[in-house]
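Asks: Mind looking over this structure? Questions follow.
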Amino acid sequence: MLTSTAIRETAASPVLEAARAIAASDLGPIVQQIDAEGLYPEAVLRAFGAAGAYACHVPEHGNPDLVTAIRAMAIAGEYCLSTAFCMWCQDALAWYVHASDNAALRQGLGGAAARGEALGGTGLSNPMKTFFGIETMRLKGRKVAGGYMVRGLLPYVSNLGPDHYFGLVFEVEDEPRHFVMAVAHCAAANLTLAANTKFVALDGTRTFAVQMRDVTIPDDHVLADPIEPYLKRIRAGFILLQSGMAFGLIRSSIDLMRQMKRTLGHVNKYLEPQPEEVEERLDAMTATVERLAATPFETDTDYWRQVLEARLAAGEASVAAAHAAMLHCGARGYVSTAAAQRRLRESYFVAIVTPATKQLKKMLADMIH
């Protein structure tokens with residue numbers, strides 16, 4: 001499973017060398033269990049954190065290295081999209097805290113999240129849709145002494161557990177369009193997690209409905225109030241980091257196609273695309289994302305458009321690559337334990353996780369009008 005791109009990566013970074021070793025020794029053997037039984041790979045996620053996979057894009061000093069974070073996620077994604085997605089959740093949580101002006105939170109939770117000691121996710125699906133005219137804000141908060149009291153329901157928040165954290169946005173009662181972003185602990189009073197849904201893939205991501213019935217969010221857990229300037233600061237990184245999921249899954253799909261050449265190459269040569277074509281597209285997408293990831297705090301409109309276009313391309317390419325791998329594998333990929341059918345199921349997640357394909361297309365269309 002070690003591609004030429006992966007060889008270059010591991011040679012370039014101790015973090016990536018460690019990530020690949022963890023993926024091979026700890027993640028590879030449990031992929032089937034994650035997919036079939038919904039196993040949450042907590043030990044693997046913490047090991048990636050100890051190796052520095054969540055810290056490179058949130059340095060204490062200097063510029064954020066999103067490229068290494070994306071590459072580490074892609075390494076996990078070559079094996080398992082559930083794990084890669086949980087890594088993105090973790091990266092996003094650390095990113096939120098790092099970008100905040102809340103110095104105490106940065107030093108406390110931020111450092112713990114970067115090391116993989118505190119795990120958590122992102123409750124920004126609903127806010128992302130709200131800010132672009134698709135949904136309305138599900139969480140409402142009222143100001144109380146020392147913080148806010150928040151209530152509402154988020155239907156899907158991932159990478160959670162009793163000792164985990166997540167980011168959230170709420171609208172202040174009686175103050176329309178006054179949004180606040182904060183972090184909450186899953187063990188907070190009046191907060192409940194409910195696992196009510198079985199998915200066709202990614203059941204190993206600890207995805208819960210989060211019910212908040214007057215949950216206290218203390219002032220020292222607030223990331224941004226008001227939220228608008230802060231959102232512009234975090235939005236590109238939030239989206240670009242998702243590329244790691246796509247790149248790992250596409251690499252795996254290329255490998256599956258190449259494996260079939262030994263026995264089915266005489267007939268698979270009539271299929272389009274061939275693995276070399278998919279790899280060429282992947283290399284081009286990677287170059288674009290890594291260029292954009294070098295300057296994640298840009299607020300220029302043209303830069304933001306390029307970020308959205310890159311994310312759209314990643315989702316569409318994931319589905320196309322996994323579909324191609326399924327056709328190259330044929331009946332061998334259609335059995336319940338085959339990697340090809342799992343990668344195809346997983347690929348649709350890249351296209352529908354927020355921001356989904358349809359939202360990205362809406363956002364790009366709105367920029368024209």
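The values are calculated or read from the model by the stated rules, or taken from the named source; none is laboratory data. All values derive from a computational prediction rather than experimental measurement. Heads up, the Cβs are rebuilt from the backbone with ideal geometry, glycines too, and the neighbour counts pull from every protein chain shown. Note: accessible area is taken over every heavy atom of the protein model, side chains too, but ligands, DNA and RNA are not part of it. Shrake-Rupley method; radii C 1.70, N 1.55, O 1.52, S 1.80 Å.
Asks: Which pairs have Cβ atoms under 6 Å, sit 6 or more apart or on different chains, and link a residue in segment 67-86 that is in a helix (DSSP H, G or I) and surrounded by 24 or more Cβ atoms within 10 Å (Cβ to Cβ) to one that is among the aliphatic types (A, V, I, L, M) and at pLDDT below 95?
Replies: Close Cβ pairs satisfying both conditions: E78/M1.
Asks: How about segment 181-219: which of its residues are among the basic types (K, R) and either on the phi > 0 side of the Ramachandran plot or in contact with a helix residue (DSSP H, G or I) (Cβ under 6 Å, 6 or more places away or on another chain) (or both)? Give the steps one after another, and end with the answer.
Replies: At the first step, the residues of segment 181-219 found to be among the basic types (K, R) are 198, 206, 213.
Correct list: R206 only.
Asks: Also, I was wondering about something else. May I ask you to say which residue of R177, R151 is of a type in the set (K, R) and in contact (Cβ under 8 Å) with a residue 12 or more places away in the chain? Walk me through it before giving the result.
Replies: Details: R177 fails: in contact (Cβ under 8 Å) with a residue 12 or more places away in the chain.
That would be R151, the only listed residue that is of a type in the set (K, R) and in contact (Cβ under 8 Å) with a residue 12 or more places away in the chain.
Asks: I would also like to ask the following. Taking segment 259-278, which residues are open to solvent by less than 40 Å² (accessible area, probe 1.4 Å) and of a type in the set (K, R)?
Replies: Scanning segment 259-278 gives no hits.
Asks: What pairs come out if I take residues in segment 98-127 that are closer than 15 Å to I234 by Cβ and aliphatic (A, V, I, L, M) and pair them with residues that are in a loop (DSSP other than H, G, I, E, B) and open to solvent by less than 10 Å² (accessible area, probe 1.4 Å) whose C-beta lies under 7 Å away, six or more apart or interchain?
Replies: Filtered contacts from segment 98-127: A113/Y54.
Asks: Look at S243 and say whether it is more than 23 Å from Y96 (Cα to Cα) and of a type outside the set (V, I, T).
Replies: On the way: more than 23 Å from Y96 (Cα to Cα): no; of a type outside the set (V, I, T): yes.
Answer is no for this residue.
Asks: Another question, then. Can you tell me which residues in segment 224-258 are more than 20 Å from A317 (Cα to Cα) and surrounded by fewer than 23 Cβ atoms within 10 Å (Cβ to Cβ)?
Replies: If the condition is that a residue be more than 20 Å from A317 (Cα to Cα) and surrounded by fewer than 23 Cβ atoms within 10 Å (Cβ to Cβ), then A224, D225, P226, I227, E228, P229, Y230, L231, K232, R233, R235 are the ones that fit.
Asks: Still on this structure, please answer the following. Can you confirm whether A201 is under 30 Å from L16 (Cβ atoms), assigned to a loop (DSSP other than H, G, I, E, B) and either under 22 Å from the mean Cα position of the chain (by Cα) or touching a residue at least 60 places away in the same chain (Cβ under 8 Å) (or both)? Before the answer, list the steps.
Replies: Details: under 30 Å from L16 (Cβ atoms): yes; assigned to a loop (DSSP other than H, G, I, E, B): yes; either under 22 Å from the mean Cα position of the chain (by Cα) or touching a residue at least 60 places away in the same chain (Cβ under 8 Å) (or both): yes.
It is true that A201 is under 30 Å from L16 (Cβ atoms), assigned to a loop (DSSP other than H, G, I, E, B) and either under 22 Å from the mean Cα position of the chain (by Cα) or touching a residue at least 60 places away in the same chain (Cβ under 8 Å) (or both).
Asks: Follow-up. Given the options R342, R311, name the one that is open to solvent by less than 30 Å² (accessible area, probe 1.4 Å), among the charged types (D, E, K, R) and in contact with a Pro (Cβ under 7 Å, 6 or more places away or on another chain). Talk me through it step by step, then tell me what you get.
Replies: On the way: R342 fails: in contact with a Pro (Cβ under 7 Å, 6 or more places away or on another chain).
Answer to the check: R311.
Asks: Taking G62 and the conditions (1) farther than 30 Å from V169 by Cβ; (2) at pLDDT below 95, which numbered condition does it fall short on, given that it satisfies the others?
Replies: For G62, the failing item is (1).
Asks: Scan (1) within 21 Å of L119 (Cα to Cα); (2) open to solvent by less than 20 Å² (accessible area, probe 1.4 Å) for the single condition T216 breaks and write down its number.
Replies: (2)
Asks: Another one. Against the definition (under 22 Å from N63 (Cα atoms), of a type outside the set (G, A, S) and open to solvent by 10 Å² or more (accessible area, probe 1.4 Å)), how does R281 come out, yes or no? Full working, then the answer.
Replies: On the way: under 22 Å from N63 (Cα atoms): no; of a type outside the set (G, A, S): yes; open to solvent by 10 Å² or more (accessible area, probe 1.4 Å): yes.
No; evaluated as a whole, the condition is false for this residue.
Asks: Okay, next question. When you scan segment 105-184 for strands (runs of 3 or more DSSP E) that lie fully inside it, which ones turn up with 3 or more residues that are open to solvent by less than 60 Å² (accessible area, probe 1.4 Å) and over 15 Å from L93 (Cβ atoms)? So that I can check it myself, show each step before the final result.
Replies: Details: elements: 120-122, 139-144, 147-157, 165-172.
Those strands (runs of 3 or more DSSP E) span 139-144, 147-157, 165-172.
Asks: I'd like to know if segment 186-193 contains one or more residues that are more than 25 Å from the chain's Cα centre (by Cα) and either of a type in the set (G, A, S) or at pLDDT below 95 (or both).
Replies: yes
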